[in-house]
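Accompanying notes for the structure given below.
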Amino acid sequence: MPVIECGCGHCKLTLAEDCPRMSLCCECKDCRQALKWAAKRGGKTPVDLPQPMYMRSDISAVEGQGSIRAFQLRDPARWTQVFCTKCYLILGVEHPDYADNVFMYSWIAARRV
(Lines give C-alpha, C1' and ligand atoms only; values in the text may rest on other atoms or scores of the structure.)
Protein backbone atom coordinates (compact mmCIF):
# COMPACT_ATOMS: atom_id res chain seq x y z
CA MET A 1 0.00 0.00 0.00
CA PRO A 2 1.30 3.50 -0.78
CA VAL A 3 2.33 5.85 2.02
CA ILE A 4 2.33 9.65 2.05
CA GLU A 5 5.15 10.70 4.37
CA CYS A 6 6.19 14.11 5.67
CA GLY A 7 9.78 15.33 5.32
CA CYS A 8 10.95 14.24 8.78
CA GLY A 9 9.22 10.85 8.58
CA HIS A 10 7.21 11.40 11.75
CA CYS A 11 3.79 11.51 10.07
CA LYS A 12 2.59 8.92 7.58
CA LEU A 13 -0.73 8.29 5.89
CA THR A 14 -1.17 4.80 4.44
CA LEU A 15 -3.60 4.72 1.54
CA ALA A 16 -5.77 1.80 0.53
CA GLU A 17 -5.38 2.56 -3.19
CA ASP A 18 -2.20 3.27 -5.15
CA CYS A 19 -3.51 4.92 -8.30
CA PRO A 20 -4.25 8.68 -8.25
CA ARG A 21 -7.67 9.71 -9.54
CA MET A 22 -6.21 12.83 -11.12
CA SER A 23 -3.09 14.99 -11.19
CA LEU A 24 -2.59 18.50 -12.47
CA CYS A 25 -0.30 21.49 -12.24
CA CYS A 26 -1.79 24.24 -10.11
CA GLU A 27 -0.94 27.88 -9.90
CA CYS A 28 -3.84 28.99 -7.73
CA LYS A 29 -3.26 31.48 -4.96
CA ASP A 30 -4.39 29.04 -2.24
CA CYS A 31 -1.86 26.34 -3.14
CA ARG A 32 1.01 28.82 -3.37
CA GLN A 33 0.06 30.56 -0.10
CA ALA A 34 -0.26 27.28 1.79
CA LEU A 35 3.18 26.08 0.65
CA LYS A 36 4.73 29.48 1.51
CA TRP A 37 3.04 29.33 4.94
CA ALA A 38 4.65 25.94 5.56
CA ALA A 39 8.07 27.07 4.27
CA LYS A 40 8.10 30.07 6.63
CA ARG A 41 7.78 27.64 9.52
CA GLY A 42 10.56 25.32 8.42
CA GLY A 43 9.03 23.28 5.58
CA LYS A 44 10.51 22.83 2.13
CA THR A 45 10.92 25.82 -0.18
CA PRO A 46 7.87 25.76 -2.46
CA VAL A 47 8.11 25.36 -6.22
CA ASP A 48 6.45 27.81 -8.58
CA LEU A 49 4.04 25.25 -9.99
CA PRO A 50 2.85 22.61 -7.49
CA GLN A 51 1.53 19.33 -8.86
CA PRO A 52 -1.28 18.09 -6.62
CA MET A 53 -2.43 14.49 -6.78
CA TYR A 54 -6.00 13.51 -6.02
CA MET A 55 -6.32 10.18 -4.25
CA ARG A 56 -9.38 8.21 -3.21
CA SER A 57 -10.28 9.27 0.33
CA ASP A 58 -9.48 5.93 1.92
CA ILE A 59 -6.72 6.19 4.50
CA SER A 60 -6.11 2.82 6.12
CA ALA A 61 -3.52 3.87 8.74
CA VAL A 62 -2.10 7.03 10.31
CA GLU A 63 1.27 7.32 12.07
CA GLY A 64 2.22 10.36 14.14
CA GLN A 65 -1.37 11.44 14.61
CA GLY A 66 -0.40 13.59 17.61
CA SER A 67 1.77 15.72 15.30
CA ILE A 68 -0.84 16.18 12.58
CA ARG A 69 -2.78 19.44 12.62
CA ALA A 70 -5.28 21.12 10.33
CA PHE A 71 -5.31 24.80 9.38
CA GLN A 72 -7.11 27.18 7.09
CA LEU A 73 -5.35 30.09 5.40
CA ARG A 74 -8.14 32.58 6.06
CA ASP A 75 -11.47 32.90 7.79
CA PRO A 76 -13.78 31.85 6.28
CA ALA A 77 -12.04 29.28 4.14
CA ARG A 78 -13.23 26.23 2.28
CA TRP A 79 -9.87 24.45 2.00
CA THR A 80 -8.40 22.73 5.04
CA GLN A 81 -4.72 21.77 4.92
CA VAL A 82 -3.29 19.04 7.16
CA PHE A 83 0.38 19.33 8.11
CA CYS A 84 3.09 17.81 10.29
CA THR A 85 3.90 20.03 13.29
CA LYS A 86 7.53 18.80 13.33
CA CYS A 87 8.58 19.72 9.76
CA TYR A 88 5.55 21.73 8.52
CA LEU A 89 5.05 19.73 5.37
CA ILE A 90 1.48 19.66 4.14
CA LEU A 91 0.26 16.06 4.03
CA GLY A 92 -3.09 16.69 2.39
CA VAL A 93 -5.92 19.06 1.62
CA GLU A 94 -9.64 18.62 2.12
CA HIS A 95 -12.41 20.61 0.46
CA PRO A 96 -16.20 20.24 0.93
CA ASP A 97 -16.65 19.78 -2.83
CA TYR A 98 -14.59 16.57 -2.63
CA ALA A 99 -17.55 15.08 -0.69
CA ASP A 100 -15.24 12.61 1.08
CA ASN A 101 -14.49 10.93 -2.25
CA VAL A 102 -10.95 12.23 -2.74
CA PHE A 103 -8.31 14.24 -0.95
CA MET A 104 -5.40 16.13 -2.44
CA TYR A 105 -1.73 16.07 -1.59
CA SER A 106 1.21 17.78 -3.23
CA TRP A 107 3.81 15.29 -4.40
CA ILE A 108 6.40 18.00 -3.80
CA ALA A 109 5.39 18.66 -0.20
CA ALA A 110 4.88 15.09 0.94
CA ARG A 111 6.56 12.12 -0.67
CA ARG A 112 4.96 8.85 -1.61
CA VAL A 113 6.91 5.85 -0.39
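Structure values in brief
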| quantity | calculated |
| --- | --- |
| Loop-located trypsin sites (Lys or Arg not before Pro) in region 54-84 whose Cβ has at most 14 other Cβ within 10 Å (DSSP) | Arg74, Arg78 |
| Which of Tyr54, Tyr88 is most accessible, then next, and so on - probe 1.4 Å | Tyr88, Tyr54 |
| Potential extension, Lys86-Thr45 segment - 0.36 nm per residue separation minus Cα distance | 13.2 nm |
| Karplus-derived 3J(HN,Hα), 6.51/-1.76/1.60, for each residue of region 68-85, Hz, glycine and proline x | 9, 10, 10, 8, 10, 5, 8, 10, x, 9, 9, 7, 10, 9, 10, 9, 8, 6 |
| Solvent accessible area, Å² - Leu49, 1.4 Å probe, full protein context | 90 |
| Computed E for Cys8/Ala99 - FRET, C-beta separation, R0 41 angstrom, nearest 0.05 | 0.85 |
| CD proxy at 222 nm, helix term only [per DSSP H run n ≥ 4: -39500 (n - 2.57); per residue of the chain; nearest 500] | -3500 deg cm²/dmol |
| The chain, relative contact order in percent, only Cα pairs under 8 angstrom and at least six apart counted | 33 |
| Tensor-based shape of the chain (alpha-carbon gyration tensor, a/c under 1.5 rounded, otherwise prolate or oblate) | rounded |
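The values are calculated or read from the model by the stated rules, or taken from the named source; none is laboratory data. This one's a predicted model, so the numbers in the text were calculated from it and none came from an experiment. Neighbour counts run over all protein chains shown; Cβ positions are idealised from the backbone, glycine included. The area values use the complete protein model at the heavy-atom level, side chains included, leaving out ligands, DNA and RNA. Shrake-Rupley method; radii C 1.70, N 1.55, O 1.52, S 1.80 Å.
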